[in-house]
Structures are given as structure tokens and as C-alpha cells.
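Notes follow once the structure below has been shown.
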Amino acid sequence: MSAKQTLAIDVGGTKFSIALFDGEHMARRESRRTDAEGGRDWMLEQIAAIARAWRQETPIDRCGIGFGGPVIFKEQRVALSTHVGGWRDTRLTDWVRDLLGVPAIMDNDANVGALGEARFGAGRGCSPLFYMTLSTGIGGGIYEGGRIWRGADSYGGEIGHLTIRPDGPLCLCGAYGCFERMCSGLWLARDHGKPAEELIKDPAFVSRYVVDLALGLKTCIMLLNPARIVIGGGISKAGDRLFEPLRAELRRQITDWSGARIDLMPAALGDDSVLWGALALAEEAA
Ligand SMILES: [Zn+2]
């Protein structure tokens, strides 16, 4: 076990979290709600203040970051942010290097969450592993043989914009009936006038909801035949109330023709999948 001090940052749609790991022990953790008005600069100031204060007590060796939107991994650049304003083209790793003088590395939060659950959570020993975050938006990460599969342009695993309902409503990406448009927390709240966490308490709602959810997950299962699918994010906290009907619906949609397993588990690291993943990712920081 390494005794390196790793700073882990999770920039999400509604909050950001920051942690300091001593080796593989989470020694410190702070989480704050996103101030949508303050945008990027407000959040960077917050993160800088926390990191500087921690560094007064413990030297920091490296940093891993999970960002809540597409990241061009090879360029270490934020492509855009659908849910948090003002981040386009931000080179967050350069910013950390300037701030702390340590190597840093960044990927999108679904990929980082996949790494966290694969190494430390519900996906341990499972390869390939598919991780889906089901919260404000929907993201996906593919883990195989010890690493994240990112594809040619860093958009691998981005299932949020799979088409689930071709005749469905317009999504933020400009297409219609996307998985995220039909199933994410942001849109559930807008379409039904209640937070997703409330809606999911109603079995009648859940029985309709799992049909669309399973349509998206079926695509992942047919394409990847994962050893396990781990679902994180706020909506996944509903537990068996959601997972039991979802497994049954997947069993119905994936006919006996396919011998692919249906192994579906909630994230084991709760709100911290991305922080733990950032710890794992930071090993690659240079
Ligand atoms: Zn879309």
C-alpha cells in the first residue's frame, strides 16, 4: 500500500466533493452544494481554499479529478458541461498543477466512478464492469482488465444519449427521447413536478420507470456482456424498491435467446464512488 497523499476532487452537477487520502484511507472529506450563479470560478475558489488549508497540515503528492461532463482525456480538457455552467475547455489539471505544484489527472465522473467501484466497491473482481450514474444526468463507464475503456475520442460509455424513445421529448443534446431525457433526475423532476427520490417511492411509477431504464441497460448488456453492472447516483439509493423490478424488467426484455447474465448492483461507495475512483486514477498522474 502506498502512503502517498492524494487529493481527490468530484465536480458534480449539484455539488462538489473533495477528499484527502492517506494511502488508501480517506483522511478528510468536504462536500458543498454547487452555487449555480457563482459557476466555475466560485467553485474553483472554494476548492482552492480547502486544498490550501489541508496542505498546511499535510503535503499533497498528487491529485485525481472526476468531472461531471465530457472530458477529452488525451488533452485533459473539459469538452463541455451540460449541468454546470462555464467549464468548456477548462484545463482543470493545469489549474491544480499551478495551485499545488503536484501532478494531476482528470476524467469524466462516470469513468472515475467506474474505477472507484471496480477497485474499492461493488465491482471488485468483476471484469468487464459497466458503471452507470443515475442522478441529475446519466453517465456510463466501461472498466475492463484494470483500466477504463474510453474509445477513440473519449466518448466511450456515454450512454446518457442513447435513443430510448425515438418519438420522445427533446433532450439538452438536441436529439429526442435520449436515455437521460427519459430517466435522469433532472427530467423526472421537470416532467412530474416532484424530485426523483419522491417519485421512486411510488410502486406504480417505478413499474413504468423501469421499462425505459431497462431499455438503456439492455443495450449495455447486449453490447458488452458485463460481468456486473453497478449503478450509482442519488436515484440508485432507492435500493430493492428499484432494483427488484428493474432486474425483472431486464429479464423480460432480454429474452432467453441471450445467455448474458443480468447482474445488477447498487454502488457500494454511496456518494464517494468518484472520490475513490479519483484516488485510483491519480496513480496515472504525471
Ligand atoms: Zn440527449
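Can you run down the residue pairs with Cβ atoms below 7 Å, 6 or more apart or on separate chains, where the first is in segment 48-61 and within 16 Å of K4 (Cα to Cα) and the partner is polar (S, T, N, Q) and assigned to a helix (DSSP H, G or I)?
From segment 48-61, no pairs qualify.
For segment 171-208, give me each residue that is aromatic (F, W, Y) and in contact with a Lys or Arg (Cβ under 6 Å, 6 or more places away or on another chain).
W187
I'd like the full set of residues that are assigned to a loop (DSSP other than H, G, I, E, B) and acidic (D, E), limited to segment 56-84.
Hit for segment 56-84 is D61, nothing else.
Cβ-Cβ under 7 Å, sequence separation 6+ or interchain: first residue in segment 240-263 and within 14 Å of V211 (Cα to Cα), partner among the charged types (D, E, K, R) and at pLDDT below 95. Which pairs?
none
What's the number of the only condition in (1) within 16 Å of the ligand (Cβ to nearest atom); (2) within 20 Å of P226 (Cβ to Cβ) that G156 fails to meet?
Answer for G156: the failing condition is (1).
Just to be sure before I move on: is A214 surrounded by fewer than 16 Cβ atoms within 10 Å (Cβ to Cβ), aliphatic (A, V, I, L, M) and in contact (Cβ under 8 Å) with a residue 24 or more places away in the chain in the structure I sent?
no
If you go through segment 270-279 one residue at a time, do you hit one that is at pLDDT 95 or above, surrounded by fewer than 23 Cβ atoms within 10 Å (Cβ to Cβ), assigned to a helix (DSSP H, G or I) and of a type outside the set (S, T, Y)?
No, because not a single residue in segment 270-279 is at pLDDT 95 or above, surrounded by fewer than 23 Cβ atoms within 10 Å (Cβ to Cβ), assigned to a helix (DSSP H, G or I) and of a type outside the set (S, T, Y).
Conditions: (1) in contact (Cβ under 8 Å) with a residue 12 or more places away in the chain; (2) touching an Asp or Glu at 6+ places or on another chain (Cβ under 8 Å); (3) more than 20 Å from V274 (Cα to Cα). T6 meets all but one. Number of the miss?
(3)
When you scan segment 1-55 for strands (runs of 3 or more DSSP E) that lie fully inside it, which ones turn up with 1 or more residues that are crowded, with 21+ Cβ neighbours inside 10 Å and at pLDDT below 95?
Per the criteria, 5-11, 15-22.
Pull up segment 100-149, narrow it to residues that are among the acidic types (D, E) and touching a residue at least 40 places away in the same chain (Cβ under 8 Å), then point me to the one that is nearest to A285 (Cα to Cα).
Per the criteria, the residue is D107.
Would you tally the residues in segment 124-153 being away from the ligand (no atom under 16 Å from the Cβ), of a type in the set (G, A, S) and in contact with a Cys (Cβ under 9 Å, 6 or more places away or on another chain)?
0
Mind checking which helices (runs of 4 or more DSSP H) fall wholly inside segment 159-254 and carry at least 2 residues that are of a type in the set (D, E) and more than 16 Å from the ligand (Cβ to nearest atom)?
Ranges flagged: 196-199, 240-253.
Can you run down the residue pairs with Cβ atoms below 7 Å, 6 or more apart or on separate chains, where the first is in segment 172-195 and in contact (Cβ under 8 Å) with a residue 24 or more places away in the chain and farther than 14 Å from I159 by Cβ and the partner is in a loop (DSSP other than H, G, I, E, B) and more than 10 Å from the ligand (Cβ to nearest atom)?
G185/S135; G185/T136; L186/T136
Scan segment 163-186 residue by residue and report those that are within 19 Å of I235 (Cα to Cα) and out of contact with any Cys (no Cβ under 8 Å at 6 or more places or on another chain).
Across segment 163-186, the qualifying residues are F179, M182, C183, S184, G185, L186.
Can you spot a residue in segment 118-129 that is part of a strand (DSSP E or B), at pLDDT below 95 and in contact with a strand residue (DSSP E or B) (Cβ under 8 Å, 6 or more places away or on another chain)?
There is no residue in segment 118-129 that is part of a strand (DSSP E or B), at pLDDT below 95 and in contact with a strand residue (DSSP E or B) (Cβ under 8 Å, 6 or more places away or on another chain).
Across segment 165-183, which residue is nearest to V210 (Cα to Cα) among those that are of a type in the set (G, A, S) and in contact with a helix residue (DSSP H, G or I) (Cβ under 7 Å, 6 or more places away or on another chain)?
Step by step, filter segment 165-183, then rank; the result is G168.
The values are calculated or read from the model by the stated rules, or taken from the named source; none is laboratory data. This one's a predicted model, so the numbers in the text were calculated from it and none came from an experiment. Note that each Cβ is placed from the backbone with ideal geometry, even for glycine, and that neighbours are counted across all protein chains shown.
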